[in-house]
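The values are calculated or read from the model by the stated rules, or taken from the named source; none is laboratory data. Keep in mind it's a predicted model, so treat the numbers as computed, not measured. In this analysis, Cβ positions are derived from the backbone assuming ideal geometry, glycine residues included, and neighbour counts consider all displayed protein chains.
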Amino acid sequence: MVGKNKGIDAFRKNVYAFYHENMRSLPWRKTRDPYRILVSEVMLQQTQVERVIGKYLQFIKTFPDFSSLAQASLSDVLNTWQGLGYNRRAIALRASAEIVMEKYKGKLPELPEELAKLPGIGKYTSAALSVFAFQRPAIFIETNIRRVFLHFFFREREDVKDSEILALVENTIDRENPREWYYALMDYGVMLKKSYENPNRRSAHYRKQEPFHGSNRQARGKVLKLVLEKREITQKEITAELAVPSEKIVNALKQLLQEGFLIKRGKRYSIQERKDMRYDEQ
């Protein structure tokens with residue numbers, strides 16, 4: 001046990017020493033406001049920090065609290081969200097604001113199991129919110145944290161499962177200051193990505209991201225952006241405006257209708273603005 005504790009202490013000391021010299025100054029780290037931390041965590045899902053910073057600042061200026069976001073039109077929310085991609089997160093975020101206002105009287109719940117009931121909030125995000133907004137020692141991993149543990153504890157291993165890493169996360173967490181500890185792990189992981197061949201390739205869950213250019217996701221984003229700009233538009237007009245294959249436009253429109261982004265009246269498409277619309281995971 002003594003040797004184990006010494007190893008944990010040395011690991012923490014190493015990570016914290018780097019962090020205290022190289023910590024990133026990020027706007028959501030300077031607040032304890034649960035709303036702002038929720039916005040940042042949803043934006044950071046599958047999106048690089050550099051792309052999020054400006055949009056985060058713009059978003060909280062436009063929608064400074066749960067009340068203003070819950071009352072906003074979907075068009076306004078999506079226009080502010082433009083450039084981040086994965087637009088379903090914007091629907092989820094607005095729906096979460098509505099639920100927080102209606103069910104929790106404007107206060108974000110603290111427990112991960114309650115947070116996980118909100119739209120678009122999975123196991124990782126619910127635990128991260130519990131840590132960063134409420135200083136609760138929840139256990140989670142994300143890509144940078146995974147990279148740190150693979151680097152320190154699995155240098156000679158391949159196909160390392162997240163369950164193995166989660167056990168180490170739980171054994172090494174700083175329970176007195178989990179918020180700062182997770183920030184330190186993330187910043188150390190960013191350094192590793194820049195300095196070493198990506199340790200995450202040794203993870204059993206590693207998947208190479210598909211190219212964005214030319215993808216269906218890119219086509220959906222272009223179609224949605226154009227509908228936002230024009231307010232009402234036909235499929236023929238969309239095809240004439242966009243340098244996107246017609247079959248991808250057809251698929252994009254079909255998906256955007258199914259997911260509740262758009263409505264169709266006759267031949268014209270516009271943004272779905274129903275106030276009772278709810279985010280649907282399916």
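Here are the numbers for this structure:
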read-out	value
Options A127, A138; residue that is within 14 Å of the chain's Cα centre (by Cα) and either farther than 18 Å from A95 by Cα or outside the structural domain of R36 (by TED's automatic domain parsing) (or both)	A127
Residue match in region 194-207 (condition: touching a residue at least 24 places away in the same chain (Cβ under 8 Å), under 19 Å from Y16 (Cβ atoms) and either part of a helix (DSSP H, G or I) or of a type in the set (G, A, S) (or both))	no
Spans of helices (runs of 4 or more DSSP H) in region 70-155 with at least 3 residues over 29 Å from E176 (Cα atoms)	74-81, 88-103
R36 being surrounded by fewer than 16 Cβ atoms within 10 Å (Cβ to Cβ) and closer than 30 Å to V169 by Cα	no
Filter result for the condition that a residue is modelled with pLDDT under 90, surrounded by 12 or more Cβ atoms within 10 Å (Cβ to Cβ), among the small types (G, A, S) and closer than 30 Å to V148 by Cα, over S215, S203	S203
Given (1) surrounded by fewer than 17 Cβ atoms within 10 Å (Cβ to Cβ); (2) among the basic types (K, R); (3) part of a helix (DSSP H, G or I), number of the condition K55 does not satisfy	(1)
Near pairs, Cβ below 7 angstrom, 6+ apart or cross-chain, from region 174-186 (touching a residue at least 12 places away in the same chain (Cβ under 8 Å)) to any residue that is buried (at least 18 other Cβ atoms within 10 Å of the Cβ) and part of a loop (DSSP other than H, G, I, E, B)	W181/I173
Pair list, Cβ under 7 Å, 6 or more apart: region 39-67 residue more than 23 Å from G122 (Cβ to Cβ) and at pLDDT 95 or above, other residue surrounded by fewer than 15 Cβ atoms within 10 Å (Cβ to Cβ) and of a type in the set (G, A, S)	S67/G106
Count of region 26-47 residues which are over 14 Å from V131 (Cβ atoms) and either in a helix (DSSP H, G or I) or touching an Asp or Glu at 6+ places or on another chain (Cβ under 8 Å) (or both)	7
